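Novice: Here it is, the structure in full.
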Amino acid sequence: MTYSAAENRYETMPYRRVGRSGLKLPAISLGLWHNFGDDTRFDEQRAILRRAFDLGVNHFDLANNYGPPDGSAETNFGRHLKEDFKPYRDELVISTKAGYYMWPGPYGEWGSRKYLISSLDQSLQRMGLEYVDIFYSHRPDPETPLEETMGALDYAVRSGKALYAGISSYTPEQTLEAARILKELGTPLLIHQPSYSMLNRWTEDGSPNLYEALDQVGAGSIAFSPLAQGMLTNRYLNGVPADSRAAKERFLSESSLTEERLDRVRGLNAIAEGRDQTLAQMAIAWILRDQPKGSPVTSALVGASSVAQLEDTLSAINNLGFTDDELTAIDEFAVESDINRWAQK
């Protein structure tokens, strides 16, 4: 059946400006890290993407290595674009990233100009696109000069292969330097994609912390893993289900579910119940919460394994406000828990 998007798709989702740019993102964006590789049925993927767009999610985030196998999420998304979303391309924000391992040899990962541009060309080919809206350096390279990595992002924008440049998992200091280099080249830093959740609060540490650095350079942020890879859901309140991600050791290990961390999760769940929200909904709302200068997070990046899960998560936008008492109660349990697997070693 030919897809026709819901006419009211922009009536409920809030949209937030990305830093000091002209771009806006939905408060909740859909990441295709999980559930869009060849291990998930194509019709299940289609149902999630269609429902997301119908509910106002017009930002889809990918990377060259998303799958499995690597690259298959982009290939599958390319089919969805061709079959369903081609008429809506100018309404969509599509992003991809390069930085992790993709092919053998010295040019198959990290941050060299050769790898980044080659990977972007491959991503465009897999998705059947002339350009992506945002192209990210997926992680900082400890050996390649930052000038070369940022030069590659600048080239991607100047060549028309990307509209904006982004970075992911960079420290505040690296972020300031990356933004300085990009500004000198004439391509501003649009956005940073850090991991951030109630149990992973590294972005709030330091002086300046990451959000202060982004405010200084006029860039926005999109938080990935806001549910701590599923830990901040009701999935593990009473143990580890046999069919869960943790039981299968897929991106979340059973050993990471210590009793101390689960006690924090249970405490947060009790607060969520008092707000008439699921724990996942509250975790998303907390990411997007207002602070003295407004919310430092432009968008929360979530995944979905089913339409029902997607709808439940998106319902977070129905209650984004917090009282001072709620925030104080949350801070008792929402403490740094050493779960940032993307931290630089």
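The values are calculated or read from the model by the stated rules, or taken from the named source; none is laboratory data. It should be emphasised that the depicted structure is a prediction, and the values quoted were computed from it without experimental measurement. Reconstructed Cβ throughout: ideal geometry from the backbone, glycine too, with neighbour counts over all protein chains shown. To get the accessible areas, we keep the full protein, side chains included, count just its heavy atoms, and leave off ligands, DNA and RNA. Shrake-Rupley method; radii C 1.70, N 1.55, O 1.52, S 1.80 Å.
Novice: Pull out the extension gain between Tyr100 and Lys82, defined as 0.36 nm times the separation in residues minus the alpha carbon to alpha carbon distance; nm, one decimal.
Specialist: Working: separation 18, 0.36 × 18 = 6.48 nm, distance 2.69 nm.
Contour length minus the Cα-Cα distance gives 3.8 nm.
Novice: Quickly rank 117-128, 321-332 as a protection proxy: mean count of other C-beta atoms within 10 Å, highest first.
Specialist: On the way: 117-128: 19.2, 321-332: 12.6.
Listed from highest to lowest mean packing, they are 117-128, 321-332.
Novice: Per 0.36 nm of contour for each residue apart, how much would the distance between Ala270 and Glu130 grow if the chain were fully extended, relative to their Cα-Cα spacing?
Specialist: On the way: separation 140, 0.36 × 140 = 50.40 nm, distance 4.77 nm.
Roughly 45.6 nm would be gained on extension.
Novice: For the chain, what is the Kirkwood estimate of the hydrodynamic radius, computed as the reciprocal of the mean inverse distance between distinct Cα atoms, to one decimal in Å? Walk me through the numbers on the way to the answer.
Specialist: Working: mean 1/r = 0.0490 Å⁻¹.
One decimal place: 20.4 Å for the Kirkwood radius.
Novice: What is the spin-label model distance, in nm, from Asp324 to Lys114 if the labels are put 7 Å beyond Cα along the C-beta direction?
Specialist: That separation, rounded to one decimal, is 5.9 nm.
Novice: Give me the distance in nm between label points sitting 7 Å out from Cα along the Cα-to-Cβ direction at Phe42 and Gln291, one decimal.
Specialist: 4.4 nm
Novice: Excluding ligands and nucleic acids, what accessible area in Å² is computed for Trp33 using a 1.4 Å probe, to the nearest 10?
Specialist: Result for Trp33: roughly 60 Å² accessible.
Novice: While we're here: For a label point 7 angstrom out from the Cα of Glu147 toward its Cβ, which stretches of the stretch 168-189 have the backbone nitrogen within less than 19 Å?
Specialist: Answer for the stretch 168-189: 174-189.
Novice: Going down the table (Lys86/Lys161; Lys161/Lys345; Lys97/Lys161), which pairs top 20 Å between alpha carbons? Write down the numbers at each step before the final one.
Specialist: Working: Lys86/Lys161 18 Å; Lys161/Lys345 32 Å; Lys97/Lys161 13 Å.
Long pairs (Cα-Cα over 20 Å): Lys161/Lys345.
Novice: Using amide H atoms built in the peptide plane, which far-off residues or other-chain residues are under 5 Å from Ala63 H to H?
Specialist: Lys97
Novice: Between Asp121 and Glu212, with labels modelled 7 Å along Cα→Cβ, what's the label distance in nm to one decimal, could you check?
Specialist: Going from the Asp121 label point to the Glu212 one covers 4.3 nm.
Novice: Report the charge-dipole magnitude of the stretch 304-345 in Debye, nearest 20, computed about the Cα centre from +1 at each Lys and Arg Cβ and -1 at each Asp and Glu Cβ. If you can, show how the numbers build up before the last one.
Specialist: On the way: 2 positive and 9 negative charges, 84 e Å.
With only Lys, Arg, Asp and Glu charged at Cβ, the dipole is about 400 debye.
Novice: Normalising by the residue count of the chain, find the relative contact order in percent from Cα pairs under 8 Å and 6+ residues apart. Walk me through the intermediate numbers first.
Specialist: Working: 627 pairs, mean separation 59.7, N = 345.
Relative contact order, the chain: 17 percent.
Novice: Running a GNM on the chain with Cα contacts under 10 Å, which residue among Gly230, Gly274, Gly67 ends up with the highest mean-square fluctuation?
Specialist: Sorting by GNM fluctuation, first place goes to Gly274.
Novice: Taking the Cα centre of the chain as origin, sum charge times position over the Cβ atoms of Lys and Arg (+1) and Asp and Glu (-1), and report the length of that vector in debye to the nearest 20. Mind showing how you got there, number by number?
Specialist: Numbers: 35 positive and 48 negative charges, 176 e Å.
The calculated dipole for the chain is roughly 840 debye.
Novice: For Ile191, what residues show an amide H to amide H distance below 5 Å, using hydrogens built from the backbone and excluding near sequence neighbours?
Specialist: Residues meeting the amide H criterion: Ile167, Gly220.
Novice: Something else: So who's got an amide H within less than 5 Å of the one on Arg16, skipping anything under 5 residues away but keeping other chains? H placed 1.01 Å off N, in plane.
Specialist: Hits under the 5 Å cutoff: Leu25, Ala27.
Novice: Looking at the square roots a ≥ b ≥ c of the eigenvalues of the Cα gyration tensor of the stretch 101-253, which shape do they give, rounded for a/c under 1.5, prolate if a/b is larger than b/c, or oblate?
Specialist: Oblate is the answer for the stretch 101-253, as a/c is 1.5 or above yet b/c matches or exceeds a/b.
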